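The values are calculated or read from the model by the stated rules, or taken from the named source; none is laboratory data. If you're wondering where the values come from, they're calculated on a predicted model, not measured in any experiment. Ideal geometry is used to build each Cβ from the backbone, glycine not excepted, and the neighbour counts take in all protein chains shown.
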Amino acid sequence: MQKKISFSTYGVIGTMLFGMYFGAGNLIFPIQLGQLAGTNFWHALIGFLVTAIGLPFLGILAIGLSGSNGLRDLASRVHPLFGVVFSMALYLTIGPFFAIPRTATVPFVVGFEPYINPGQANLWLGIFSFVFFAIVYFFSLHPAKVMDYIGKYLTPAFLIFLLVLILTSIFKPMGNFGEPSGDYTNLAFITGFKEGYNTMDALASLAFGIVVINAIKGQGITKPKDIANATLKSGIFAMALMMLIYGLITYMGASSINAIGTFDNGGQIFAAVAQHYFGSFGAILLAIIIVLACLKTSIGLITACSEFFNNLFPKVSYKMFVLLLCIVSFTIANFGLNNIIQFAVPVLMFLYPLAIVLILLTLLSPLFGHKQSVYAASMLLTFFVSFFDGYSALAASLPNLTSSFFNSVKTFYMDYLPLYEIGLGWIIPALIGAAIGYIWPKNDLNMRQYQKEL
């Protein structure tokens, strides 16, 4: 007999999901958005919520409603080879190459580096990141207990410390909203929309989806319809909690300028707010918040990545992948936060449109009869745009790698492709590809038949 999930279990799974998503990046981006948006607070926040919450929620639903056994299975709807290559690229991006190392460098830079002799910063980063990943390694060895670790303990502890700071800023406001600056003056919504990409949560949703599915199955829920229903309810709980936290953090940033001034990044803003309210104790409070936020996210990422690579290469044990990923992440973390961000942006600009289109196609799949040609054509045309988005970001940081041919294509896109200048040039090609795939002769596999053959 199918076991019924209690509301409290939905809450625990939803809290686990929130905990895996909500890392240090989710703290520093909205508070900086608040400062920059000022009186255009609501427009910018709504745009940010669309990509920082809406897209991850759709990603979780895509995994749950499709009945897929993870990202590789889902991406194989385009082509089996694409399923392997794309899923590996995404897991490496949100895993040991960029996101996991950032979970160690961000808390160090924000919470500890300001109080360390600059000449000893590299040494202390090495010590801090070693201890950090030793803790992550220990908790990640037992994936079945991740829901307990993150949902029952780490996330509530993190929320308690964070809410102390947020509630203080609400009951003792720092001042009125400032004037919007930069693109937030006239393009607040679309600027906030693009800022939501920086959280990387839409990519992470495709990876975390299987962790949530396994957590639900661990509660005795095995029927696809019931799994999808549980995924929906848990996702709503998590996203509602994230929306509340995002709104409060953005408000804190928007009201802070008169009291603390402006800063170059959200980490410095958080540090200044904590110092404003709590003095030296604020630094300790901030360090606790950042470490807890990053620790729980790192555990979730290590677990998801290790399970994926263990499924892809079953001869290597899950525990060995946990160790390897922790070692690689530790190594890359010691190159420093600036270098990690510099090389992450081009990869994100390349992968994000592909991930968004895959999510949307999965959710709309019943409308076009699950035709593989729709997936393939839409993703192919999206690739031709997202590749140059990634190239543009890489060329901006490393001008020596520019190519005259690629520059010519980029210029062509800017002149003739709608929405390209605001970073949404992939939308029209994706729609055209879907239309071409839909009218393509039906000599490809129906997706339901395809899934059965898998």
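Within the stretch 38-76, the set of residues being within 13 Å of Gly196 (Cβ to Cβ) and over 18 Å from the mean Cα position of the chain (by Cα) comprises Ala44 only.
Condition first: more than 12 Å from Phe177 (Cβ to Cβ) and out of contact with any Cys (no Cβ under 6 Å at 6 or more places or on another chain). Now tell me which residues in the stretch 23-41 satisfy that. Break it down into steps so the answer makes sense when it comes.
Keep residues of the stretch 23-41 that are more than 12 Å from Phe177 (Cβ to Cβ), which gives 23-33.
Across the stretch 23-41, the qualifying residues are Gly25, Asn26, Leu27, Ile28, Phe29, Pro30, Ile31, Gln32, Leu33.
Scanning the stretch 269-290 for residues that are in a helix (DSSP H, G or I) and under 19 Å from Ser255 (Cα atoms) turns up Ile269, Phe270, Ala271, Ala272, Val273, Ala274, Gln275, His276, Tyr277, Phe278, Gly282, Leu286.
Could you tell me whether Ile227 is modelled with pLDDT under 85, in a helix (DSSP H, G or I) and not aromatic (Phe, Trp, Tyr)? Outline the logic, then answer.
Working: modelled with pLDDT under 85: yes; in a helix (DSSP H, G or I): yes; not aromatic (Phe, Trp, Tyr): yes.
So Ile227 passes the test.
Is the stretch 320-333 home to any residue that is modelled with pLDDT under 95 and among the polar types (S, T, N, Q)? Among the residues of the stretch 320-333, not one is modelled with pLDDT under 95 and among the polar types (S, T, N, Q), which makes the answer no. Of the residues contained in the stretch 373-381, one or more are found to be within 21 Å of the chain's Cα centre (by Cα) and not assigned by TED's automatic domain parsing to the domain that holds Ile116.
For Ile245, state whether it is outside any helix (DSSP H, G or I) and either touching a residue at least 12 places away in the same chain (Cβ under 8 Å) or not acidic (Asp, Glu) (or both). Lay out the reasoning, then the answer.
Numbers: outside any helix (DSSP H, G or I): no; either touching a residue at least 12 places away in the same chain (Cβ under 8 Å) or not acidic (Asp, Glu) (or both): yes.
Criteria not met by Ile245.
Whenever a residue of the stretch 316-342 is under 16 Å from Ser397 (Cα atoms), its partners that are modelled with pLDDT under 95 and among the charged types (D, E, K, R), lying with C-beta atoms within less than 6 angstrom and at least six residues away or across chains, give the pairs Ile340/Arg102. Within the stretch 261-286, if we keep just the residues that are surrounded by fewer than 16 Cβ atoms within 10 Å (Cβ to Cβ) and at pLDDT 80 or above, the residue that is farthest from the chain's Cα centre (by Cα) turns out to be Gly279.
What helices (runs of 4 or more DSSP H) lie completely within the stretch 56-172 and have 3 or more residues being modelled with pLDDT of 80 or more and of a type outside the set (A, V, I, L, M)?
Details: elements: 71-75, 80-92, 99-111, 121-140, 155-171.
Hits in the stretch 56-172: 80-92, 99-111, 121-140, 155-171.
From the list Gly261, Gly220, Gly247, the lone residue that is at negative phi and not charged (D, E, K, R) is Gly247. Checking each residue in the stretch 333-388 for being small (Gly, Ala, Ser) and outside any helix (DSSP H, G or I) picks out Gly336, Gly369.
Counting the residues of the stretch 101-140 that are hydrophobic (A, V, I, L, M, F, W, C) and closer than 17 Å to Asn338 by Cβ gives 11.
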